[in-house]
Every structure is written in C-alpha cells, then in structure tokens.
There are 2 protein chains.
Amino acid sequence: MARWEGDTRGRLEHAALALFEEQGYDRTTVAQIARRANLTERSFYRWFTDKREVLFGGTEDFQNHLVSAIDAVPAGTPPLPTLLAAFATVPEVIRPRDFLLTRSAVIAANPPLHERELIKLAALSDALAAALVRRGCDEQTARLATDAGLAVLRLASKRALTDEHADFVQVLAASAADLLTVAAEAAPRSP
Amino acid sequence: MARWEGDTRGRLEHAALALFEEQGYDRTTVAQIARRANLTERSFYRWFTDKREVLFGGTEDFQNHLVSAIDAVPAGTPPLPTLLAAFATVPEVIRPRDFLLTRSAVIAANPPLHERELIKLAALSDALAAALVRRGCDEQTARLATDAGLAVLRLASKRALTDEHADFVQVLAASAADLLTVAAEAAPRSP
C-alpha cells in the first residue's frame, strides 16, 4: 500500500473501518486506529474530529455536491428527473465499494450510529427538497419527488453495492423504472 | 370539558401539549402538566412513563395497527395498494387534528424530539416492509413500495392536517396519483 502523505486520510479510514469491524465501534480508540495505520494520533486529528467522523465526515460534502448538481440541471426539467440527473453523478464523489460495504455493516451493528445516519439522511432530504423549491417547484411536489428520488437512490445503491459489475447510471434508471411500476399498480385506472 | 375518569389521559395530553407549546418542551415538568389538568402527578404516571411519552406513546399502537391492517388485505394485492389500503384505516386510530398539529409544531421546534420522530419512522418503515415480505413480496420491492407508500402517507397527512374538511381516503388516493405523475416524468418513454 502506498505510503505517500496524500494517502494519509485513506490509510486512517481503512484502519478505522477494519478495527470497527473486527472489535466493534465502541471498543475502538483513536490511538488504536493511528497505530494500525502506522501514524500518530496527531495525524488522525489533522483529518478527523473524532472516530465518528470517519463514518460521517463525507456526508456534508456529498450533500453539497448533490445540491450543486441539481442547480446545474437545465431549467424546466421535472423534479424527479432533476434528482436522478444529480444522483447519476454520485460515483464521482463516493468512497470505494469496500469502504461503503464495511461502513454500512458497522452502522447497522450500532444503534446510535444508525440514528446518526437517519438524521443525516433527513438533512439531505431537506436540502434536496429546498433545492427543488429554488428551481420553482411547489413545496409539496418537491417533498414528494425527493422522497421518491431517495427511494430510488436507496434501491440503486443497494443494487450497486451487491453487484460489483453494475453500472450505477443503468442501475439508477432501472430503479426509477421499478418505482414507476410500483406506483402504477396503485392507480385506480390506466392514465 | 368532561371530568370522568375515562377522559384522564386526554386531559393530560391536552394539558401537556398546551404547556409544551406555551413555554417549550424542555421547560415543562410533569408536576406542571398534572396541575394544569387538575390531576395528581401520580395520575400522570398511571398513563405515561415520562413527558416524552405524551408525544410518542401512540406510535407503537399505530405501527401494530398498520401491520394488522396489511395482514388483512386480500392475498395477491400488489405491494403499494396493500399499504394504501392499510393507510386508509388511519383515521380510526389517530389523535384529533388539533392534537396532531400541536404535536408536530412541538416536535419541529425541538431537535432531539425530531430525531426521536425520525427513529420511530424508520422503525415503522422496517415493520411495514417486513409485513410485505411476509406476504411474499421480495425484499427490494417491499422496501421500494414502503418508501413510496410512506411518501404518499406523508403528503396525504400534511394535506389532511392543513384542510380540515378533507376526506382522508380521498386525499390518500389523490396523493398516490401525484406520486404516479412524479414517477412517470422520470420514465425514458411511455410504457
């Protein structure tokens, strides 16, 4: 594994996740993470406020990235296609697949982390809905489209994480088509 | 206001919500709630573990009610219509409109309560998806339909709370139709 300075953050993340998985999140200390990464605690604190930030530090950047991507979608695009166009850029900013898989296992095993994840997701949802409203969408439709869009993103992420050969943009389109199928079954008659 | 024993719980709820709204949730004590309701603290603790349970005590019953309602839907009904049929029974079990409006204002003004609400909603979502899986739905479709269904329920609840003359079942159907409209705009071509 490369030892150059630019990889410090990645080495710390890798060491932290390995320890969280091996011995549990609660039992892992910053000192242990630094030791496993062959770095000092001081280096750790140059990149993260605490061990929780290894898991959640990227979520604000992720949210800002999506909001900017929404702002860049051509005016007049309907709300759900706007969100999907933004989500299609997700592979540009997310962590590698093995990081995400371990991260999600660690979070699922620890209720307070799971709660933190829910709170971050709710903040993301509010930010996306607000971005749609700024584009002229009414409040209720913005919220409905955001809830629908996040349902599609959740399904697509799950599929992309389970199948390493999946193309994210294709999986996203297939998940949106599945949402349409599910929604159409609840229509009283064909449109 | 009636003073018979059966109304004790309602009087405590009413007093608690009025105080939460007037002086804030954090500043309100159980002693104050009991005094406002002309009851003893002991009566309060006969109905609630603590003041937070005034806001969240009903959520477990609500979840159990919805799961039973899902179980009662005829086999072979697709997932989203199954959820909507269950949601259509919501007016049987929810608190009066003024209770819900005040409750939601109190929760919105207090981040820890808002977090508690998110956690309860995630538990509800898991329970609904599990109920669909028990009916033979695959895991991914169950999750997608649940996310879509809760988006419809959220919109319908908002509309029903804003318009006191609204018929909940009609509002629910209209919200499901809106979801279909939003989802169809993301389809690459007409089906």
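Rounded to the nearest 20 debye, what is the charge dipole size of the protein assembly as shown about its Cα centre when +1 sits on each Lys and Arg Cβ and -1 on each Asp and Glu Cβ?
Working: 44 positive and 50 negative charges, 134 e Å.
In debye, rounded to 20, the protein assembly as shown gives about 640.
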Query raised in the report: How large, in percent, is the carbon and sulfur part of the accessible surface of chain A at a probe radius of 1.4 Å?
Result: 53 percent
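May I ask you to give the solvent-accessible area per residue for region A:9-96, in square angstrom, as obtained with a 1.4 angstrom probe?
Numbers: 4520 Å² over 88 residues.
Value for region A:9-96: 51 Å² per residue.
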Requested in this report: Keeping all protein chains in position, work out how much accessible area A:Ile107 exposes to a 1.4 Å probe, and write it in Å² to the nearest 10.
Outcome: 10 Å²
Report summary line: Given Cβ charges of +1 for Lys and Arg and -1 for Asp and Glu, the option among B:Leu155, B:Thr40, B:Val133 whose Cα lies farthest towards the positive end of the dipole of chain B is B:Thr40
Report task. Output the relative contact order of region A:27-118, whole-number percent, from Cα pairs under 8 angstrom with separation of 6+ residues. Result -> 18 percent
Requested in this report: Would you kindly work out, in nm and rounded to one decimal, the distances from the label point of B:Pro74 to those of the same position in each other copy, ordered shortest first, with label points 7 Å along Cα-to-Cβ?
Outcome: 4.6
Query raised in the report: For A:Val73, A:Val169, what's the largest-to-smallest order of accessible area, 1.4 Å probe?
Result: A:Val169, A:Val73
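Any idea of the total accessible area buried by the B-A contact, 1.4 Å probe, rounded to 100 Å²?
Values: alone 11390 and 11400 Å², together 19940 Å².
The buried area between B and A, both sides summed, comes to about 2900 Å².
Counting pairs of alpha carbon atoms under 8 Å apart in space and at least six apart in sequence, what relative contact order in percent does chain B give? Don't skip to the end; give the middle numbers.
Numbers: 141 pairs, mean separation 35.1, N = 191.
Relative contact order comes out at 18 percent.
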Report summary line: at A:Asp50 the sorted inter-copy label distances (label 7 Å from Cα on Cβ side), in nanometres, are 2.0
Report task. Might you tell me the accessible area per residue for region A:114-191, computed with a 1.4 Å probe and given in Å²? Result -> 49 Å²
Query - Förster radius 25 Å - calculated FRET efficiency between B:Arg135 and A:Ala177, Cβ distance, rounded to 0.05 - result: 0.65
Query - Most mobile listed residue (B:Ala131, B:Ala75, B:Ala151) in chain B, GNM with C-alpha springs under 10 Å - result: B:Ala75
Query raised in the report: Which value, in Å to one decimal place, does the Kirkwood hydrodynamic radius take for the protein assembly as shown when every pair of different Cα atoms is included?
Result: 23.2 Å
Query raised in the report: If you build a Gaussian network model of chain A, linking Cα atoms that sit under 10 Å apart, which residue out of A:Arg46, A:Arg134, A:Arg116 swings the most?
Result: A:Arg46
**Report entry** Over region B:58-152 - Rg/Rh using Cα atoms and the Kirkwood inverse-distance radius
**Finding:** 1.00
Report task. Would you please state the base-10 log of I(q)/I(0) at q = 0.12, 0.16, 0.21, 0.29 1/Å for region B:128-191, with intensities from the Debye formula using one equal scatterer on every alpha carbon? Result -> -0.39, -0.65, -0.90, -1.07
Requested in this report: Between B:Asp178, B:Asp61, B:Asp26, find the one with the highest GNM mean-square fluctuation for chain B; connect C-alpha pairs within less than 10 Å.
Outcome: B:Asp26
Query raised in the report: Shortest first and in nm to one decimal, what separations exist between A:Arg97 and its copies in the other chains, measuring from label points 7 Å along the Cα-to-beta-carbon line?
Result: 5.3
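Per residue of A:117-125, count partner chain C-beta atoms within 10 Å of its C-beta, then hand back the mean as an integer.
Numbers: counts 1, 5, 5, 0, 2, 6, 0, 0, 0.
That average works out to 2.
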Query raised in the report: How compact and how long is chain B, expressed as Rg and Dmax of its alpha-carbon atoms in Å?
Result: 19.0, 65
**Report entry** Degrees between helix A:97-108 axis and first principal axis of chain A (Cα, 0 to 90, nearest 10)
**Finding:** 90 degrees
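The values are calculated or read from the model by the stated rules, or taken from the named source; none is laboratory data. Because the structure is predicted, anything quoted here is derived from the model rather than measured. Positions of Cβ are backbone-derived with ideal geometry, glycine not excepted, and every protein chain shown enters the neighbour counts. Accessible surface is based on the protein model in full, side chains and every heavy atom, while ligands, DNA and RNA are left aside. Shrake-Rupley method; radii C 1.70, N 1.55, O 1.52, S 1.80 Å.
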